Amino acid sequence: MEGLLDHTLRDILTRVGGVDRCVSEFIRVTDTLLPARAFVRVVPELANGGRTRAGVPVRAQLLGSDPACLAENAARLAELGPAGIDLNFGCPAKTVNRHRGGAVLLDEPELIARIVAAVRRAVPPHMPVSAKMRLGFDDDRRAEECAEAIAGAGADELVVHARTKAHGYRPPAYWERIAELRARVRLPVVANGEIWSVADALRCREVSGCDSLMLGRGMVSDPGLALAILAQDGAPGTSEGRAGLAWQDLLPLVADFWRQVGLHVAARHRAGRLKQWLNYLRRRYPEAQEAFDALRLVNDPARVQQWLCATLGPALAHPSTPSED
């Protein structure tokens, strides 16, 4: 989720709990061997043993179409110690697809197989190599071919976003197609797409047959969603019937998100990053709608800080820097 779910939100959301693993935004690979700093810039968790500060493993995702170049970059990335390497065959962005990246490769299952096989050979056997795909580009006629190409080339796991590129992010997600792909491959399959609530998660599991789910926009909108799903499962350390994360419990995390944005985002973009998250949060929280409305036309970071202090209180608006231990 480039431009949204970056390392800052990964840090915040994994502190809430319920997340077993994260995947980074994609790292674009074209025709060069990237320096180590290029990987660390997108996945700073590499400096923390490949984990968020909450201890959640992070797989680094690569995107490209050249098997040899992707393999070479995967080998260098593996030396930095990610929790695994993921390959992007699902991005629907036009600019990415125009340059033979992401979902456009779903029309070329043979190339997908070569990419997965090359990366699998390039990294240590103990390091997981996974892939994420959509159901297809314009249609889903080659979905089975692509899934089989990924599995046959040696991937350890497949995540399926249950829509085509043409579908974009419009509901519904076709979870039943994931079940059909699962029947064709012998590797773990993770279901993704249109999971906004516990009810969605339960229905997705039932229809897709997948035990594991990948949460994207649903967790950005409701940071307590993963914990709520685990509570429904009766997982140890959770409370049965949990309704999710209360707004008052989320406020310190919103404040710390703002603090972290101030550390690495240019001043002119800081207010936009906060409003971007509030725009998602208002789907779940009426209070986020009020905050979004109050800040909608505000772009000066100083004015945002003033509003946060007035609304949250000085202690929340100026959170102390978390320990790096």
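Identification of strands (runs of 3 or more DSSP E) wholly contained in region 1-119 with 2 or more residues that are over 19 Å from Gly216 (Cβ atoms) and out of contact with any strand residue (DSSP E or B) (no Cβ under 6 Å at 6 or more places or on another chain) yields no element.
Residues checked against (1) closer than 13 Å to Ile12 by Cβ; (2) of a type outside the set (D, E, K, R); (3) not in a loop (DSSP other than H, G, I, E, B):
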| site | (1), (2), (3) |
| --- | --- |
| Gly262 | no, yes, yes |
| Arg268 | no, no, yes |
| Arg273 | yes, no, yes |
| Trp277 | yes, yes, yes |
| Arg284 | no, no, no |
| Phe292 | no, yes, yes |
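Return the residue satisfying two criteria in turn: it lies in region 300-325 and is at pLDDT below 60 and of a type in the set (D, E, K, R), and of such residues it is surrounded by the fewest Cβ atoms within 10 Å (Cβ to Cβ). So, considering only residues that are at pLDDT below 60 and of a type in the set (D, E, K, R), the one surrounded by the fewest Cβ atoms within 10 Å (Cβ to Cβ) is Asp325. Beta carbons closer than 6 Å, at least 6 apart along the sequence or on distinct chains, never pair a first residue in region 147-160 that is outside the structural domain of Leu106 (by TED's automatic domain parsing) with a second that is hydroxyl-bearing (Ser, Thr, Tyr) and crowded, with 20+ Cβ neighbours inside 10 Å.
Flag: Ala155 matches the condition of being buried (at least 18 other Cβ atoms within 10 Å of the Cβ), touching a strand residue (DSSP E or B) at 6+ places or on another chain (Cβ under 6 Å) and within 20 Å of Leu105 (Cα to Cα). Lys165 fulfils the conditions (1) surrounded by fewer than 21 Cβ atoms within 10 Å (Cβ to Cβ); (2) touching a Pro at 6+ places or on another chain (Cβ under 8 Å) except for a single criterion, (1). Of the residues Leu13, Leu5, the single one that is more than 16 Å from Ile85 (Cα to Cα), modelled with pLDDT of 95 or more and among the hydrophobic types (A, V, I, L, M, F, W, C) is Leu13. Evaluate the following for Ala143: is it surrounded by 19 or more Cβ atoms within 10 Å (Cβ to Cβ) and within 19 Å of Asp107 (Cα to Cα)? So Ala143 passes the test.
Suppose we filter Ala166, Ala199, Ala179 for residues that are more than 28 Å from Leu77 (Cβ to Cβ) and either polar (S, T, N, Q) or assigned to a loop (DSSP other than H, G, I, E, B) (or both); which single one remains?
Working: Ala199 fails: either polar (S, T, N, Q) or assigned to a loop (DSSP other than H, G, I, E, B) (or both); Ala179 fails: either polar (S, T, N, Q) or assigned to a loop (DSSP other than H, G, I, E, B) (or both).
Within the list Ala166, Ala199, Ala179, the selection yields Ala166.
Within the span defined as region 265-281, every residue fails to be in contact with a helix residue (DSSP H, G or I) (Cβ under 7 Å, 6 or more places away or on another chain), within 21 Å of Arg21 (Cβ to Cβ) and free of Cβ contacts under 8 Å to residues at least 60 places away in the same chain. Here is a check on your reading of the model: is Leu187 modelled with pLDDT of 95 or more, touching an Asp or Glu at 6+ places or on another chain (Cβ under 9 Å) and part of a loop (DSSP other than H, G, I, E, B)? Considered against the rule, which asks whether it is modelled with pLDDT of 95 or more, touching an Asp or Glu at 6+ places or on another chain (Cβ under 9 Å) and part of a loop (DSSP other than H, G, I, E, B), Leu187 comes out as yes.
The values are calculated or read from the model by the stated rules, or taken from the named source; none is laboratory data. Keep in mind that this is a model prediction, so the values were computed, not measured. Ideal geometry is used to build each Cβ from the backbone, glycine not excepted, and the neighbour counts take in all protein chains shown.
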